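The values are calculated or read from the model by the stated rules, or taken from the named source; none is laboratory data. What you see is a predicted model, and the numbers here were worked out from it, not measured in a lab. Reconstructed Cβ throughout: ideal geometry from the backbone, glycine too, with neighbour counts over all protein chains shown.
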């Protein structure tokens, strides 16, 4: 009896494969689409492997201790100040933008009246701001923080500019994540006697964490790769800010600015 069961189990994958082949033969269009999809996937993976291998092979010989020196100069072209500045700017930007963005999304989904004109206007505004080029945010930060507030090229000017820039992305992704949470979760919580605030923080937000994290990751990617906005606000000094007397008013530059400036210098 056990041998018969094992034999049937072995035949099952063969039967499924034969049925799929017959189905593809009956529908040549499906077979063509399958081949095209597999070819596209193979090309994508091949290009990614080639790029990674190219970067590693060409870049490893140039890695040395001077590249990670604490102080930057034209001889060692150290990346350490840019790496530390990037981490500081990402952390400070998220500390400012994430609570505001999540709170705004909670208001739009949980407290604002559904279908109201105010919600529609806010959504259109956030979508419009999300599509504005970063150079525009940089010019705004230059006029508002560098000139109007007399902060000069500083860390805080760059952080506030980036926080304004990524705020629409965080609001929209968080809002979509909250909308995706079924209303039955809220109704069940209310039925058990929980209040509005407790339902949001205990039931709704934990269920929406994956969507919120996706927005935060998108924001981090935009912050790390940003150079245009920081050129007008944070400056271009390749030094760790806490080495000077004024932390928030020190001029800094990130990895994106470091790469663009050193590439243009070498070319």
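General observations
- Condition met for residue 21 (in a helix (DSSP H, G or I), more than 30 Å from residue 238 (Cβ to Cβ) and modelled with pLDDT of 75 or more): no
- Of all residues in the range 67-86, those satisfying the criterion of being surrounded by 12 or more Cβ atoms within 10 Å (Cβ to Cβ) and over 24 Å from residue 156 (Cα atoms) are 67, 68, 69, 76, 77.
- On inspection, residue 220 passes the criterion of being touching a residue at least 12 places away in the same chain (Cβ under 8 Å), in a helix (DSSP H, G or I) and under 26 Å from residue 125 (Cα atoms).
- Selection within the range 189-220 - at pLDDT 90 or above and farther than 18 Å from residue 105 by Cα: 220
- Test result for residue 193, surrounded by fewer than 20 Cβ atoms within 10 Å (Cβ to Cβ), in a loop (DSSP other than H, G, I, E, B) and without any contact (Cβ under 8 Å) to a residue 60 or more places away in the chain: yes
- For residue 229: the one exception among (1) crowded, with 16+ Cβ neighbours inside 10 Å; (2) at pLDDT 90 or above; (3) under 19 Å from residue 96 (Cβ atoms): (2)
- Test: residue in the range 54-72 that is in contact with a helix residue (DSSP H, G or I) (Cβ under 9 Å, 6 or more places away or on another chain) and free of Cβ contacts under 8 Å to residues at least 12 places away in the same chain: yes
- Those residues of the range 244-259 which are at pLDDT below 75 and in contact with a helix residue (DSSP H, G or I) (Cβ under 9 Å, 6 or more places away or on another chain), in sequence order: 255, 256, 257, 258, 259
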